[in-house]
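Student: Got a structure for you, written out below as structure tokens; questions coming shortly.
The values are calculated or read from the model by the stated rules, or taken from the named source; none is laboratory data. All of these numbers come straight from a predicted model, not from anything done at the bench. Ideal geometry is used to build each Cβ from the backbone, glycine not excepted, and the neighbour counts take in all protein chains shown. These area figures cover heavy atoms from the full protein model, side chains too; ligands, DNA and RNA do not enter into them. Shrake-Rupley method; radii C 1.70, N 1.55, O 1.52, S 1.80 Å.
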Amino acid sequence: MTSGVSQQAQLAKRIAELKAERRAIILAHYYTLPEVQEVADFTGDSLALSQKAAEVDADVILFAGVRFMAETAKVLSPERTVLLPVPDAGCSLADSCDATKLAEWKREHPGVMVVSYVNTSVEVKAHTDICCTSSNALKVVQSIPADQPILFVPDRNLGSYIKKVTGRENMTLWEGCCLIHEDFCPEGLAKLKSENPGVKVLAHPECNNSILEQADVIGSTADLLRYCDCEEQRFIVVTEVGILHQMQQSHPDKEFLPAPKRGGGCNECRDMKKVTLESICSALENLAPKVEIEESVRKAAEGSILRMISLK
Ligand code: 13P
């Protein structure tokens, strides 16, 4: 019987062969399974992944992540085949904003500029003026004239954090959130902190204020990873647990404690774990499932992402 490890090694070998045959590149988010991150050509946060998708030299982009990420890649690279190995890998945040409701809101509030978190459907991006990710949301909002009213879509937690940092009153927040980040337990975090005095708490801005007010560092997955290069040896990490793989890879000698969710245990996004080595292999074999976007929607969404990417 083949062991799990050698089975994974065989799949990784087959994936490497298929990548060469197809002229394919694998982009993976930090929240995906460790073995998936290991076969990726590039692993990054949402911003880095969208920048990469805009510039790769490949015929096929296989996206290891969730649907909105693969859609962003297709919007930016319409001539390339974009594969999402598990088409139902979704995102609770993206689901929290419906494009029809957003269009209705815009009709009722003319003159308001829409800033959408990249965790949105392509249809929502088509109604968006400029996108942002957690690593550039502050820069994007600060690039907009202070007297311009903004609707921030869909993450109320990231939105209220940006509102607090900028002191900007004319920013309306959509009532959406990431169910994973919303589920961290503030009492559990306080207990973990008291058991580990002085240990730095790293939190993602999708967490709500009861978590963020206990954090030493607030930032995107890439920001939090970068922070781990400091001289500290132990960290409490308040974001999806997949990030621990890269943290541990970069710093095998350091200790990373995942913050507990309500009811205890680690906080894992099931959608981010849907892409496996098997599904990557099958997608590259069959060149399916493909991400397809109707051209008028793609065109309408493109500007909002390009505006974000070109912001220096
Ligand atoms: P990052 O921008 O940190 O990659 O966040 C991605 C995400 O989807 C968090 O839920």
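Student: Can you work out which of the residues in the range 182-194 that are assigned to a helix (DSSP H, G or I) and charged (D, E, K, R) is farthest from the ligand (Cβ to nearest atom)?
Tutor: Lys191
Student: Related question: Could you please find all residues in the range 112-126 being touching a helix residue (DSSP H, G or I) at 6+ places or on another chain (Cβ under 7 Å), open to solvent by 10 Å² or more (accessible area, probe 1.4 Å) and without any contact (Cβ under 8 Å) to a residue 60 or more places away in the chain?
Tutor: Passing the criteria: only Ser121.
Student: Could you identify the single residue in Ala40, Ala53 that is closer than 23 Å to Arg270 by Cβ, of a type outside the set (Asp, Glu) and within 16 Å of the ligand (Cβ to nearest atom)?
Tutor: Ala40
Student: Restricting to the range 151-173, what's the tally of residues that are surrounded by fewer than 18 Cβ atoms within 10 Å (Cβ to Cβ) and out of contact with any Pro (no Cβ under 9 Å at 6 or more places or on another chain)?
Tutor: Number of matching residues: 7.
Student: Which of the residues that make up the range 243-272 are hydrophobic (A, V, I, L, M, F, W, C) and at pLDDT below 95?
Tutor: Across the range 243-272, the qualifying residue is only Cys266.
Student: Name the residue, out of Ala73, Ala94, that is open to solvent by less than 60 Å² (accessible area, probe 1.4 Å), within 15 Å of the ligand (Cβ to nearest atom) and either under 20 Å from Ile61 (Cα atoms) or of a type in the set (Lys, Arg) (or both).
Tutor: Within the list Ala73, Ala94, the selection yields Ala73.
Student: How about the range 103-119: which of its residues are among the small types (Gly, Ala, Ser) and away from the ligand (no atom under 16 Å from the Cβ)?
Tutor: Matches in the range 103-119: Ala103, Gly111.
Student: Condition first: of a type in the set (Gly, Ala, Ser) and touching a helix residue (DSSP H, G or I) at 6+ places or on another chain (Cβ under 9 Å). Now tell me which residues in the range 157-214 satisfy that.
Tutor: Gly159, Ser160, Gly176, Ala203, Ser210
Student: Residues that are crowded, with 18+ Cβ neighbours inside 10 Å: which helices (runs of 4 or more DSSP H) entirely in the range 199-282 hold 3 or more of them?
Tutor: Hits in the range 199-282: 221-227, 243-250.
Student: Then there is this: Would you please name the residue that is farthest from the chain's Cα centre (by Cα), looking only at residues in the range 174-191 that are open to solvent by 30 Å² or more (accessible area, probe 1.4 Å) and not small (Gly, Ala, Ser)?
Tutor: My answer is Lys191.
Student: Out of all the residues in the range 236-264, which are touching a helix residue (DSSP H, G or I) at 6+ places or on another chain (Cβ under 6 Å), in contact (Cβ under 8 Å) with a residue 60 or more places away in the chain and more than 15 Å from the ligand (Cβ to nearest atom)?
Tutor: Hit for the range 236-264 is Pro260, nothing else.
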